[in-house]
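A quick write-up on the structure given underneath.
The values are calculated or read from the model by the stated rules, or taken from the named source; none is laboratory data. None of these values were measured; they are calculated from a predicted model. Don't worry about glycine lacking a Cβ; one is built from the backbone with ideal geometry, like all the others, and counts go over all protein chains shown. Note: areas computed on protein heavy atoms with side chains; ligands, DNA, RNA excluded. Shrake-Rupley method; radii C 1.70, N 1.55, O 1.52, S 1.80 Å.
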Amino acid sequence: MNKPHVFLAQSVPDSVLSYIADHCDYTIWDKDEKPTTEQLKEILRHSDGALLTSLSADEELVKNCERLKVISTATVGYDRFDPIGLAKHNVYLTNTPYVLDETVADLLFGLILSGSRRIAELHKEVIDGNWTDKTTQPSLYGQDVYKKTLGIIGMGRIGEKVVHRAKEGFNMSVLYHNRSARPEAEERYGAKKVELDTLLEESDIVVLMVPLTEETTHLIGKEELSKMKQTALLVNGARGPVIDEKALIEALTTNEIFGAALDVFEQEPLPSNHPFLSLKNVTLTPHIGSATAATREAMAMRAAENLVAGALGKTPVDVVKK
Ligand SMILES: NC(=O)c1ccc[n+]([C@@H]2O[C@H](COP(=O)([O-])OP(=O)(O)OC[C@H]3O[C@@H](n4cnc5c(N)ncnc54)[C@H](O)[C@@H]3O)[C@@H](O)[C@H]2O)c1
Ligand SMILES: O=C(O)[C@H](O)CO
């Protein structure tokens, strides 16, 4: 029997490629520039499945792809894909939940600690040869994390792992804002579900961990920032557009809040003239929430398992239901 054919828009680890090759024939896109929409349409017309992690897909892309059964992304966030549009043409969208939760929560705690204790800012002072008596003056003191109040917006898989670290490691109080109540987390961590405004007003550290949707676009803007404490830190591990960056730059410039620690941005990579780059009260990382060798390999394998299952005509484990 002929194997199904899958398209890989980017390379994958050898172990993952070998798994795919056991079940499918494959083509890998090996050019530096991404395929154009027209090239992609043509490729997908001849594919049973596709791994499109760094690309996007909607109804228009797949409407003439009779063979195509699955589009897999090696990410948990799927905001660049339209699961409803794909489903209209019997194409599953799959993502990679669970396997990255602990790793992303670790990074978020790195951002919390860096932002609160000014680690990135003072690291730069040391590197630049500016370690003088002034470096330890009160105006450069940080904020405590231990026993402070963490406000988590988006108490999902990753949000809960952040809360676990906050409670078990740092004895923090936890407020959360989520679409639905999480009674287990309330019982386990003493987390309290509150309205967004209350969370903003009462938290020392506000962490964003919601998916990017119409509803969460610019969830944090001028008005929301004005409700935060002047000593508060804003941490974004979700997606850049969840924050209105213009409003955040204003709040950081006028010290309306203490600082921000950000892994995601409205435009990625950040343009070289971006105002964030000249602010001191920010920690910036280049969207590396899940970027450890082990986790990225686990994500690639999970994406491959979904891809292969779909291409073979089975229902993949991680079908995005919207
Ligand atoms: N920085 C990174 O590298 C990185 C890594 C992984 C995930 N992410 C982002 O984090 C997001 C969350 O991942 P997850 O696996 O925890 O997802 P999840 O679905 O388990 O959790 C998201 C939570 O947000 C809640 N939510 C959704 N819309 C909301 C709204 N309007 N108001 C309040 N709560 C809302 C949901 O109820 C859910 O509990 C992903 O969608 C992705 O965009 C980023
Ligand atoms: O959504 C995800 O999995 C991360 O942002 C990695 O891109």
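A few remarks follow.
- Among residues of the stretch 75-86 that are free of Cβ contacts under 8 Å to residues at least 60 places away in the same chain and more than 14 Å from ligand 2 (Cβ to nearest atom), those with a Cβ under 9 angstrom from a residue that is small (Gly, Ala, Ser) and open to solvent by 30 Å² or more (accessible area, probe 1.4 Å), sequence gap 6+ or separate chain, pair up as ASP82/SER56.
- The single condition among (1) of a type in the set (A, V, I, L, M, F, W, C); (2) farther than 30 Å from ARG80 by Cβ; (3) open to solvent by 20 Å² or more (accessible area, probe 1.4 Å) that ALA232 does not satisfy is (3).
- Number of positions in the stretch 238-247 that are touching a residue at least 40 places away in the same chain (Cβ under 8 Å) and either open to solvent by 10 Å² or more (accessible area, probe 1.4 Å) or over 16 Å from the mean Cα position of the chain (by Cα) (or both): 1
- Filter result for the condition that a residue is more than 13 Å from ligand 2 (Cβ to nearest atom), touching a residue at least 60 places away in the same chain (Cβ under 8 Å), open to solvent by less than 90 Å² (accessible area, probe 1.4 Å) and over 30 Å from GLN230 (Cα atoms), over VAL70, VAL91, VAL99, VAL62: VAL70
- Meets criteria (crowded, with 22+ Cβ neighbours inside 10 Å and modelled with pLDDT of 95 or more) for GLY154: yes
- ALA247 being in contact with a Gly (Cβ under 8 Å, 6 or more places away or on another chain), modelled with pLDDT of 95 or more and outside any helix (DSSP H, G or I): no
- Here TYR189 clears all of (1) crowded, with 17+ Cβ neighbours inside 10 Å; (2) farther than 25 Å from GLY142 by Cα; (3) within 22 Å of the chain's Cα centre (by Cα) except the condition numbered (3).
- Between VAL320, VAL242, the distinction of being closer than 14 Å to LEU225 by Cβ and within 15 Å of ligand 2 (Cβ to nearest atom) belongs to VAL242 only.
- Checking each residue in the stretch 291-322 for being among the polar types (S, T, N, Q) and buried (at least 24 other Cβ atoms within 10 Å of the Cβ) picks out only ASN306.
- Scan of the stretch 286-314 for residues that are out of contact with any helix residue (DSSP H, G or I) (no Cβ under 7 Å at 6 or more places or on another chain) and either part of a loop (DSSP other than H, G, I, E, B) or modelled with pLDDT under 95 (or both), ordered by number: PRO286, HIS287, ALA291, GLY313, LYS314
- Residue list for the stretch 258-285, filter: closer than 23 Å to ASP79 by Cα, more than 11 Å from ligand 2 (Cβ to nearest atom) and assigned to a loop (DSSP other than H, G, I, E, B): PHE265, GLU266, GLN267, PRO269, LEU270, PRO271, THR285
- Criterion applied to ASP48, ASP32 was being among the acidic types (Asp, Glu) and in contact with a strand residue (DSSP E or B) (Cβ under 9 Å, 6 or more places away or on another chain), and the one residue passing it is ASP48.
- Contact annotation: residue pairs with Cβ atoms under 6 Å, 6 or more positions apart or on different chains, pairing a residue in the stretch 200-219 that is near ligand 1 (Cβ under 8 Å from one of its atoms) with a partner that is open to solvent by 40 Å² or more (accessible area, probe 1.4 Å), are LEU212/ASP79; LEU212/ARG239.
- Unique match (being more than 16 Å from ligand 2 (Cβ to nearest atom), buried (at least 17 other Cβ atoms within 10 Å of the Cβ) and among the polar types (S, T, N, Q)) among SER114, SER139: SER114
- The condition (being within 16 Å of ligand 2 (Cβ to nearest atom), under 26 Å from the mean Cα position of the chain (by Cα), open to solvent by less than 40 Å² (accessible area, probe 1.4 Å) and touching a residue at least 60 places away in the same chain (Cβ under 8 Å)) is satisfied by just one residue among ALA105, ALA57: ALA105.
- Screening GLU250 on (1) free of Cβ contacts under 8 Å to residues at least 60 places away in the same chain; (2) within 16 Å of ligand 1 (Cβ to nearest atom); (3) not β-branched (Val, Ile, Thr) shows it passes everything except condition (2).
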